[in-house]
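Visitor: Can you keep this structure in mind? I'll have questions shortly.
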Amino acid sequence: MRTPRREAAFVRAIYGGEPFLVNSALATGILTRQDLRTRFRRLHPRVYVRASAELDTAQTIRAAWLWGGPRSVICGGAAGYLAGEAYFGEELVRREVQLWRPS
């Protein structure tokens, strides 16, 4: 169950340009399907972001993780980037985010 405080944070995240799962936003009534078609763009299946949002590298990784599901694990260059490894720059991670998804 969502509390008003958590729901307000969810609304700020959606309209602030954070990637989100469309099912959650539609289920809470924060968005309508019309809003989704006109104001948002699809990044991955079930994962959307505000149409005008410029994603940074961490948001790109988060969007991939949302698509993978809560049990997925971020691997490779994306994991190195999030851990602060100097070798894994943004250009490497923007090309590909590796995930391990349990079957």
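The values are calculated or read from the model by the stated rules, or taken from the named source; none is laboratory data. These numbers were taken from a predicted model, which means no experiment stands behind them. Here the Cβ positions follow ideal geometry from the backbone for every residue, glycine too, while neighbour counts run over all protein chains shown. For accessibility, only protein heavy atoms count, side chains too; no ligands or nucleic acids. Shrake-Rupley method; radii C 1.70, N 1.55, O 1.52, S 1.80 Å.
Visitor: Considering the options Leu26, Gly89, Ala78, tell which one lies farthest towards the positive end of the dipole of the chain, charges being +1 on Lys and Arg and -1 on Asp and Glu at the Cβ, about the Cα centre.
Guide: Leu26
Visitor: Separation between the Ser72 and Asn23 pseudo-spin-labels, each 7 Å from Cα along Cα→Cβ, expressed in nm?
Guide: In this crude label model, Ser72 to Asn23 measures out at 1.3 nm.
Visitor: Sticking with this one: How far is helix 57-68 tilted off the main Cα axis of the chain, in degrees rounded to 10, range 0 to 90?
Guide: 70 degrees
Visitor: In segment 5-103, what percent of the accessible surface is made up of carbon and sulfur (1.4 Å probe, ligands and nucleic acids excluded)?
Guide: 50 percent
Visitor: Using a probe radius of 1.4 Å on heavy atoms only, what accessible surface per residue do you get for segment 19-103? Whole Å² is fine.
Guide: 62 Å²
Visitor: Scanning the chain for GluC sites (Glu not before Pro) in DSSP loops with at most 13 other Cβ atoms within 10 Å, what's the longest stretch left with none?
Guide: That would be 1-53.
Visitor: Moving to a separate point now. Tell me which label goes with the value of percent of Cα pairs over 19 Å apart computed from the coordinates here: [x] 67; [y] 47; [z] 60.
Guide: [y]
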